[in-house]
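To start, the structure itself, in structure tokens.
The values are calculated or read from the model by the stated rules, or taken from the named source; none is laboratory data. Source: prediction; values computed, not measured. Virtual Cβ from ideal backbone geometry, glycine too; neighbours counted across all protein chains shown. Surface areas here come from the heavy atoms of the whole protein model, side chains and all, with no ligands, DNA or RNA. Shrake-Rupley method; radii C 1.70, N 1.55, O 1.52, S 1.80 Å.
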Amino acid sequence: MAHPSQLGFQDAASPVMEELLHFHDHALMIVFLISTLVLYIIVAMVSTKLTNMYILDSQEIEIIWTILPAIILILIALPSLRILYLMDEINNPHLTVKAIGHQWYWSYEYTDYQEIAFDSYMIPTQDLAPGQFRLLEVDHRMVVPTEAPVRVLVTAEDVLHSWAVPALGVKMDAVPGRLNQTAFIASRPGVFYGQCSEICGANHSFMPIVVEAVPLKYFQDWSTLMLEDA
């Protein structure tokens, strides 16, 4: 999860987030090179009085600074489109979870099971156990198996919400009357935190999201226990 004074992204916990991190580094390096070149040109123009008629009026230079930006845009657009299509791919999900946004908590329904559904409320500060995170911990986590495609159906009951977990590389708007979907694969066990990313009212910052990824065996044990409790 994120920590104070962090400069970069959270550690990736899904293949899509790893691709997003690589694309971010790729684009950032291009921006850095462009900024360095522009800064050098500005300094050179300010610090010298020398002029050259071939630089001031050159057809070749005009061709270069027309074609070069087009090439740079292509180098940014192609990997961006590739990741965009990867994020939209949902092939044979092993598990489907419906996330419903309310003011101000989340409800989860495991549509592959008839009886597994629960509300997920933020744990108040005074009730936190040692080691739990303020404003991020919930009373019921969304539990999913690792290394399995998970589809999340996202909607809302009252106003706009947004279901977002940065470490998994997912963010999907929850719109009343509409069912959106996203998918992820948790590549390792862990607890991943997120929050509603749409300003949904007075308690917008008090409806966290917690996804707990566990090996398949432990997920089967958890689902059996939830069915028995139901």
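General remarks:
- Scanning region 81-93 for residues that are out of contact with any Asp or Glu (no Cβ under 9 Å at 6 or more places or on another chain) and open to solvent by 90 Å² or more (accessible area, probe 1.4 Å) returns L84, Y85, D88, E89, N91, N92.
Per-residue answers, yes or no, for (1) of a type in the set (D, E, K, R); (2) touching a helix residue (DSSP H, G or I) at 6+ places or on another chain (Cβ under 9 Å):
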site: T36; (1), (2): no, no
site: V43; (1), (2): no, no
site: E62; (1), (2): yes, no
site: W65; (1), (2): no, no
site: S80; (1), (2): no, yes
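Listed here are the residues, each with its yes/no results for (1) polar (S, T, N, Q); (2) touching a helix residue (DSSP H, G or I) at 6+ places or on another chain (Cβ under 7 Å).
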{"residue": "Q10", "(1), (2)": "yes, yes"}
{"residue": "V16", "(1), (2)": "no, yes"}
{"residue": "L21", "(1), (2)": "no, no"}
{"residue": "H26", "(1), (2)": "no, yes"}
{"residue": "I30", "(1), (2)": "no, yes"}
{"residue": "Y40", "(1), (2)": "no, no"}
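- When the criteria are applied in full, K49 meets the requirement of being open to solvent by 90 Å² or more (accessible area, probe 1.4 Å) and not in a helix (DSSP H, G or I).
- Filter result (β-branched (V, I, T) and either open to solvent by 60 Å² or more (accessible area, probe 1.4 Å) or closer than 16 Å to S205 by Cα (or both)) within region 107-127: T111, I123, T125
- One residue stands out among those in region 52-80 that are open to solvent by less than 80 Å² (accessible area, probe 1.4 Å) and of a type outside the set (A, V, I, L, M, F, W, C): the one that is farthest from L21 (Cα to Cα), which is N52.
- Entry remark, region 1-46: residues being in contact (Cβ under 8 Å) with a residue 40 or more places away in the chain, part of a helix (DSSP H, G or I) and among the small types (G, A, S) number 1 in total.
- Residue within region 195-207 that is part of a strand (DSSP E or B) and either modelled with pLDDT under 95 or open to solvent by 50 Å² or more (accessible area, probe 1.4 Å) (or both) present: yes
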